[in-house]
Amino acid sequence: MEKLVEVFAQHAAAQTDAVRQGDAKTGNKHAKKVNETFDKLCAHGDAGRDALAILFTHPRMDVRVKAAAFLLRHRTEEAKAVLQEAARGQDLVSFAASEALKRWSEGTWALDPG
């Protein structure tokens, strides 16, 4: 599962980098890989989800936010703390964090229905 977590982090970072460069097509390719990797982790049940939580302390904020957004249902308090910290900023990652929190509070969040 460590390898899957590493792949998730690599694609999450690459997605952000592509979006920042204005390359939505490449960003979307990496987003698809993030989703596919999350599905593979979920195939291991909660152990796969728990493995992803290691990214809550990743050096890149965008990777922390992506992991937290996917783990809101499973690791709610920890994920919300990561997202709340990130949402204090003024950049794209901060916006993504605040949107994830908004969707969670509205009850429309659905990245991991369980």
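Observations on the model:
- Of all residues making up the range 1-32, the number that are of a type outside the set (S, T, N, Q), part of a helix (DSSP H, G or I) and under 22 Å from residue 48 (Cα atoms): 15
- When the residues of the range 56-76 are filtered to those that are in contact with a Phe, Trp or Tyr (Cβ under 7 Å, 6 or more places away or on another chain) and within 15 Å of residue 34 (Cα to Cα), the one that is surrounded by the fewest Cβ atoms within 10 Å (Cβ to Cβ) is 64.
- Within this structure, residue 5 fails the test of being under 18 Å from residue 111 (Cβ atoms) and either in contact with a Phe, Trp or Tyr (Cβ under 7 Å, 6 or more places away or on another chain) or surrounded by fewer than 19 Cβ atoms within 10 Å (Cβ to Cβ) (or both).
- Subset of the range 34-85 that is touching a Gly at 6+ places or on another chain (Cβ under 9 Å), in a helix (DSSP H, G or I) and touching a residue at least 40 places away in the same chain (Cβ under 8 Å) - its residue that is nearest to residue 102 (Cα to Cα): 38
Each value in this text was obtained by applying a stated rule to the coordinates, not by laboratory testing. All figures in this text were calculated on a predicted structure; none of them were measured in a lab. Quick reminder, even Gly has a Cβ in these numbers, built from the backbone with ideal geometry, and neighbours come from all protein chains shown.
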